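The values are calculated or read from the model by the stated rules, or taken from the named source; none is laboratory data. Everything numeric here is computed off the predicted structure, so don't read it as measured data. Backbone-built Cβ (ideal geometry, glycine too); neighbour counts: all protein chains shown. Areas reflect the complete protein model, heavy atoms only, side chains present, ligands, DNA and RNA absent. Shrake-Rupley method; radii C 1.70, N 1.55, O 1.52, S 1.80 Å.
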Protein chains: 2
Amino acid sequence: MANIKDIAKHLGVAVSTVSRAMNNHPDVSEETKQQVMEAIRAFNYRPNAIARGLIRKKTFTIGLMIPEISDPFFSGLARAVERTLFGHGYQVVYGNTDRNPDKEKQFIANAIERQFDGLIITPDFLDATFIEMLSSLEMPVVFLRRRTPQELSMPYVDVDHYQAATVAVNYLLELGHKKIGFIGMPESSFTGTQRLLGYKDTMRKYGLLSESTDIVVAEGRHIPNGRKAMSELYEQNPHLTAVFAANDLLGIGSLEWLAKRDIKVPEQISVMGFDNLEYAELHWIQLTTMEQPTHRMGSKAAELLLQMIADKTQTPPSDLIEARLIERQSCQSLKRT
Amino acid sequence: MANIKDIAKHLGVAVSTVSRAMNNHPDVSEETKQQVMEAIRAFNYRPNAIARGLIRKKTFTIGLMIPEISDPFFSGLARAVERTLFGHGYQVVYGNTDRNPDKEKQFIANAIERQFDGLIITPDFLDATFIEMLSSLEMPVVFLRRRTPQELSMPYVDVDHYQAATVAVNYLLELGHKKIGFIGMPESSFTGTQRLLGYKDTMRKYGLLSESTDIVVAEGRHIPNGRKAMSELYEQNPHLTAVFAANDLLGIGSLEWLAKRDIKVPEQISVMGFDNLEYAELHWIQLTTMEQPTHRMGSKAAELLLQMIADKTQTPPSDLIEARLIERQSCQSLKRT
DNA sequence: CTGAAAGCGCTTACAG
DNA sequence: CTGAAAGCGCTTACAG
């Protein structure tokens, strides 16, 4: 590969001149610039970004820590992040953590060594070591789909899960449901806890909460866990007219169990989800759900990061984004009955 | 951030000594090595990979060009690539092309500037400029889920689509079907062409081919296209007992249309797909299909690339991988009727 | 407007 | 076993 020296030699000018010409520095004669550009084309020369990064202390790459890119929710987020950052000349490097604490730390270490310009992270394990790593990091960081721990002063972008759960339950209530069950995610999840809380508070407000019979916490967050949870919930309380699942996968699992038992949705029971996965649109599913606006979240996180890169002294405010109710066919109104 | 000079100064040794100690060079006394390691820990020092990359001409990053990471098929491929490369110390950088010819070229340009160590690519537009770019590239490249164009001598890893279509149609034939329709992907697709050919040749072999009535080419490769194609196919020939869709999305679209018309699958008509998406497993879908072994393909591509990086003079042989038949509930045997 | 020089943070022959 | 020096491919004050 040709380098800047070859170009300079060929043209009989100094490398500094070539450098200035290709970086559009004002102090270069139009003529020189033309010649340099031509030589660059002739040699098929491309500046070495590594060398440039070393000296400018800027790599134009940002790291995106993500639990699992093949989860469509996260790939949606990732695409949004990427789209807005790409427009500003950045390359985004994904780091799948598989929700593994070591990989999360590895990612940070890697980001340091490779001199990333900034990080957008979705960590699951905020232990002391990890927080320590972050706090000594001289790099802008924004949390995405997570809340920043108190010890750190970095902005986050997340959905207001509590508020969204409130909206979902109110929707069911307005449809005339009073016996509304809840299928929760495992307790370790902050997200799950918030959604559960939104459900509980709303139900309690109307004197409708019955913790012992109407709530089941699933063992995981996937379809099979939803099937099992629904069967348990149904056994506990067959009189439920509606079920709010803490995520779509759990909701779809519920739907599967119900379909196997030939319990009609929404005629016999309404089901509501949370996420608005692509799945939810399928003809057999048609799940009413709360959409997490991945596009807005991802681009917002990217914008915050860009701001922080531009001005390292400021930390912009966090953003709590509202989920949107998507009505489909899985919930029925009880009003006219 | 501390750098190698700080460590050297602190210890009163030369930077070269520090460098050798942390790179485990044999010619360093055990004592020095200990001291250096301690200082590194104390300073929380991490070597600058950019500087190291510049001098070693090795970045330990490889680029993975992909049409769209939120397509679960490609994210599966990506995870497999990443897993095997990660084990060898490489970072993989995804480049989503959105099947856009400019982005495909941009990706290559980017890879050159950033000095990637190798590339795994899934391009959709192999025009002259692109091929020219590749051929002048001083970087190992392997094609994934694509065939290498004649002009280039780079290995590829792909599924044997023709053979797989053959297997699918034979399966239907063995079940006793004789009137088997085909829903194809748009003609531009090599993959689609191969699958169509496999279908045609097999049908023709048994004198069962009726091109004018039994084949419909969809306008795209997604669910709505499948719905539309199925409706056209059904109109053309309502006597079909089975349909082979060129991919699962098309197959699922067919299933949707059939469900809306209350045509029972598999009792009234059998449907077969290709891909084995996660979708296909859903209770309402249970699609019999040909699985493309993403994990094997991705890791194979990564291994080939690793070989090429290790020995740049050799180009290892390409690999054509067999798809696997996954039997679920969407196809019925006509034998006992 | 242009060139010579220093330097980014490392690694690696070359001496000793 | 260790150090001084050169150099990877650029950029950027500093002179002129």
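One residue of chain A places its C-beta nearer than any other to the axis carrying A onto B; that residue and its whole-Å distance are A:TRP284, 2.
Neighbours of B:PRO316 by Cβ distance under 12 Å: Lys/Arg scored +1, Asp/Glu scored -1, total -1.
A straight chain from B:GLN236 to B:MET1 at 0.36 nm per residue would run longer than the Cα-Cα distance by 77.5 nm.
Averaged over its residues, how many other protein chain Cβ atoms are within 10 Å of peptide A:66-78's Cβ atoms?
4
For chain B, the longest principal axis of the C-alpha atoms and the axis of helix B:248-260 are separated by about 40°. The residue among B:SER16, B:THR32, B:PRO47 whose Cα reaches farthest toward the positive pole of the charge dipole of the stretch B:4-47, with charges on the beta-carbon of Lys, Arg, Asp and Glu, is B:PRO47. Measuring between their Cα centroids, the stretch B:160-197 and the stretch B:99-128 lie 31 Å from each other. Shielding of peptide B:134-141 by partners, expressed as the average count of other chain Cβ atoms within 10 Å per residue Cβ, is 1.
If you run the Gaussian network model on chain B, springs between alpha carbon atoms under 10 Å, then out of B:ILE120, B:ILE252, B:ILE263 the most flexible one is B:ILE263. Take each residue in B:229-242, count the other chain C-beta atoms within 10 Å of its C-beta, and the mean is 0. Between B:HIS88 and B:GLN307, the simple spin-label model (points 7 angstrom out along Cα→Cβ) gives 1.1 nm.
Amide H contacts of A:MET290: A:GLY273, A:PHE274, A:ASP275, A:ASN276, A:ILE326, each under 5 Å away and 5 or more positions distant or on a separate chain (H built 1.01 Å from N in the peptide plane; Pro and chain starts excluded).
Answer rounded, prolate or oblate for the stretch A:161-292, using the Cα gyration tensor with square roots of eigenvalues a ≥ b ≥ c: rounded when a/c is under 1.5, else prolate when a/b is larger than b/c, else oblate. Rounded is the answer for the stretch A:161-292, as its axis ratio a/c remains below 1.5. Close amide H contacts of A:VAL93 (hydrogens built in the peptide plane, cut-off under 5 Å, sequence separation of 5 or more or a different chain): A:ILE62, A:GLY63, A:LEU64.
Rounded to the nearest 20, the Cβ-based charge dipole of the stretch A:4-47 about its Cα centre (Lys and Arg +1, Asp and Glu -1) stands at 200 debye.
For trypsin sites (Lys or Arg not before Pro), the sites in the stretch B:1-93 that DSSP calls loop and that have at most 13 other Cβ atoms within 10 Å are B:LYS57, B:LYS58. For the pair A:ARG99 and A:VAL15, label points projected 7 Å from Cα toward Cβ lie 5.1 nm apart. What residues does the stretch B:275-302 have that are buried by at least 10 Å² of accessible area in the full protein assembly compared to the chain on its own, 1.4 angstrom probe? Residues losing area: B:GLU278, B:TYR279, B:LEU282, B:HIS283, B:TRP284, B:ILE285. In nanometers and ordered shortest first, the copy-to-copy spacing of the A:TYR206 label point, defined 7 Å from Cα toward Cβ, is 5.8.
If you take all other residues with their beta carbon under 12 Å from the beta carbon of A:PRO266, and give Lys and Arg +1 and Asp and Glu -1, the sum is 0.
Spin-label model, A:ARG296/A:ASN23: points 7 Å from Cα along the beta carbon direction are separated by 4.1 nm. For chain A, the fraction of alpha-carbon pairs lying more than 39 Å apart is 32 percent, rounded to a whole number. Across identical copies of the chain, A:GLN163 has label-point separations of 5.7 nm, listed in ascending order, with the point defined 7 angstrom from Cα along Cα→Cβ.
Dipole orientation for the stretch B:86-204: of the candidates B:LEU196, B:LEU134, B:LEU144, B:LEU196 has the Cα lying most toward the positive pole (charges on Cβ; Lys, Arg +1; Asp, Glu -1). Taken about its Cα centre, chain A carries a charge dipole of roughly 480 debye when the Cβ of each Lys and Arg holds +1 and the Cβ of each Asp and Glu holds -1. Where both bridge residues fall in chain A, DSSP classifies roughly 10% of the beta bridges as antiparallel. Computed with a 1.4 angstrom probe on protein heavy atoms, the A-B interface buries about 4600 square angstrom of accessible area in total.
Could you state the angle between the C-alpha long axis of helix A:72-86 and the longest principal axis of the C-alpha atoms of chain A, as a value from 0 to 90 degrees rounded to the nearest 10? With both axes taken from Cα atoms, the answer is about 30 degrees. If you take every residue apart from B:GLU174 with its C-beta less than 12 Å away from the C-beta of B:GLU174, what net charge results, scoring Lys and Arg +1 and Asp and Glu -1? Here the count lands on +1.
Solvent-accessible area per residue in chain B equals 45 Å², computed with a 1.4 angstrom probe and all protein chains kept. Plainly put, the tip 7 Å out from Cα toward Cβ on B:SER318 is 5.2 nm from that tip on each other copy, the closest given first. The magnitude of the dipole of the protein assembly as shown, with charges of +1 and -1 set on the Cβ of Lys/Arg and Asp/Glu and taken from the Cα centre, is near 280 debye.
Computed from Cα atoms, the angle from the helix B:223-236 axis to the main principal axis of chain B rounds to 20 degrees.
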